[in-house]
Amino acid sequence: MSDTLSIIRPDDWHLHLRDGPALRAVVGDSAKQFARAVIMPNLKPPVTTVALALAYRDRITTALSEAGVAPGAFTPLMTLYLTDNTSADEIDRAHESGAVVAVKLYPAGATTNSDAGVSDLLGCCGAVIERMQRVGMPLLIHGEVADPAVDVFDREAVFIERVMKPLRKAYPELRVVFEHLTTKDGVEYVRDAQGPVAATITAQHLLYNRNAIFQGGVRPHWYCLPILKREVHRQALVEAATGDSPRFFLGTDSAPHARGLKENACGCAGCYTALHAMELYTTAFDRAGRLDRLEAFASLRGPDFYRLPRNTTRVTLRREAYGIPHEVPYGDDTLVPLAAGESLGWRLA
Ligand code: NCD
Ligand code: ZN
């Protein structure tokens with residue numbers, strides 16, 4: 001069994017970097033782990049136009065330089081937040097910008113900062129989706145219904161029937177990424193669907209099932225959306241991530257919230273994993289006996305789907321004990337990484 005693993009430098013195809021002091025606190029972590037990342041637009045207010053996305057990209061670039069990251073060492077790939085009022089012209093501007101790689105759909109009310117999200121996708125956004133299909137711009141989908149009558153553990157499966165299938169029937173050539181896939185239903189849908197569909201998978205959904213949220217008490221740092229599911233779903237995700245289909249690739253969904261907002265009577269959803277993302281993913285692939293598939297998942301399938309060049313430099317992972325810090329600084333606050341205080345068996349060199 002080899003104690004080092006060399007792979008092409010990976011990318012993160014789903015990342016929350018936040019803004020201001022929070023951005024400055026976390027951006028260096030992602031730059032250590034990844035060459036590029038798709039930056040989620042759910043700021044307050046959300047990033048709804050190309051002008052806002054370019055201004056946000058500038059703030060990220062400044063934060064990278066303040067964090068001592070060499071110019072060009074980490075590339076933020078920007079996204080637009082789809083609303084009921086997004087215009088088809090904005091899609092053209094995004095396509096021509098070269099900076100915006102995709103549009104993100106948050107069903108209104110589904111997750112953190114999604115109030116401005118879409119109320120009725122096929123009713124409100126037809127012209128925009130039509131334009132995205134025409135120019136080949138991917139739609140990144142938070143695939144959960146926000147209907148309070150639907151059980152929180154069923155929201156992804158219900159979304160497939162209520163939204164995903166009708167959407168893809170109406171726009172079969174639309175490029176779609178089913179973000180942070182969490183269920184066997186989702187895996188089967190993405191694996192078998194016709195047309196240009198892919199999915200990102202987080203480290204927490206590969207490593208944990210929903211018991212982790214309740215082990216010995218309520219553990220808020222394991223709470224994210226979509227929520228962790230049953231073991232059968234985790235196993236399906238591991239099979240997908242380590243399997244043959246090119247449709248499944250890495251997206252951390254690292255979503256930092258200050259310690260006090262997680263350890264709270266109404267705690268925020270989101271796991272902080274940018275700090276130790278590759279350590280977590282490598283542990284999951286090692287446990288599955290599929291370290292040989294890590295490079296495809298982390299470094300090859302993502303750029304291929306996004307039609308971007310693969311990275312050319314390499315990174316090394318070493319089999320060595322790594323203690324996850326109990327907390328890290330977060331502006332004036334602190335941030336608790338996923339599995340804080342626990343030990344992993346791999347370290348990114
Ligand atoms: C994300 C966040 O905090 O921005 N939270 C999460 O639990 N994943 C939003 C999201 O991606 O759903
Ligand atoms: Zn997310």
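If you go through segment 310-343 and keep only what is outside any loop (DSSP other than H, G, I, E, B), farther than 20 Å from ARG9 by Cβ and not acidic (Asp, Glu), you end up with ALA321, GLY323, VAL328, PRO329, TYR330, THR334, LEU335, PRO337, SER343. Take ALA53 and decide whether it is under 23 Å from PRO309 (Cβ atoms), more than 16 Å from ligand 1 (Cβ to nearest atom), surrounded by fewer than 17 Cβ atoms within 10 Å (Cβ to Cβ) and at pLDDT 95 or above. Criteria not met by ALA53. Per the conditions (1) under 29 Å from TYR171 (Cα atoms); (2) out of contact with any Lys or Arg (no Cβ under 8 Å at 6 or more places or on another chain); (3) at pLDDT 95 or above; (4) not in a helix (DSSP H, G or I), the sole criterion not satisfied by LEU17 is (1). Before we move on, is ARG59 in contact with an Asp or Glu (Cβ under 7 Å, 6 or more places away or on another chain) and at pLDDT 95 or above? Considered against the rule, which asks whether it is in contact with an Asp or Glu (Cβ under 7 Å, 6 or more places away or on another chain) and at pLDDT 95 or above, ARG59 comes out as yes.
This table checks each residue for (1) among the acidic types (Asp, Glu); (2) crowded, with 20+ Cβ neighbours inside 10 Å; (3) closer than 27 Å to LEU207 by Cβ; (4) modelled with pLDDT of 95 or more.
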{"site": "VAL128", "(1), (2), (3), (4)": "no, yes, no, yes"}
{"site": "ARG155", "(1), (2), (3), (4)": "no, yes, yes, yes"}
{"site": "ALA170", "(1), (2), (3), (4)": "no, no, no, yes"}
{"site": "ARG191", "(1), (2), (3), (4)": "no, no, yes, yes"}
{"site": "GLN194", "(1), (2), (3), (4)": "no, no, no, yes"}
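Screening LEU228, LEU237 for residues that are in a helix (DSSP H, G or I), of a type outside the set (Asp, Glu) and crowded, with 21+ Cβ neighbours inside 10 Å leaves exactly one candidate, LEU237.
Each row is one residue, and each column tells you yes or no for (1) within 16 Å of ligand 2 (Cβ to nearest atom); (2) of a type outside the set (Val, Ile, Thr); (3) over 20 Å from ALA298 (Cβ atoms).
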| position | (1), (2), (3) |
| --- | --- |
| ILE213 | no, no, yes |
| LEU225 | yes, yes, yes |
| LEU228 | yes, yes, yes |
| GLU231 | no, yes, yes |
| ARG234 | no, yes, no |
| ALA241 | no, yes, no |
| CYS266 | no, yes, yes |
| THR273 | yes, no, no |
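Does segment 30-37 contain any residue that is within 22 Å of the chain's Cα centre (by Cα), in a loop (DSSP other than H, G, I, E, B) and in contact (Cβ under 8 Å) with a residue 24 or more places away in the chain? Within segment 30-37, one or more residues are within 22 Å of the chain's Cα centre (by Cα), in a loop (DSSP other than H, G, I, E, B) and in contact (Cβ under 8 Å) with a residue 24 or more places away in the chain.
The values are calculated or read from the model by the stated rules, or taken from the named source; none is laboratory data. Given the structure is predicted, the values throughout are model-derived calculations rather than measurements. Note that each Cβ is placed from the backbone with ideal geometry, even for glycine, and that neighbours are counted across all protein chains shown.
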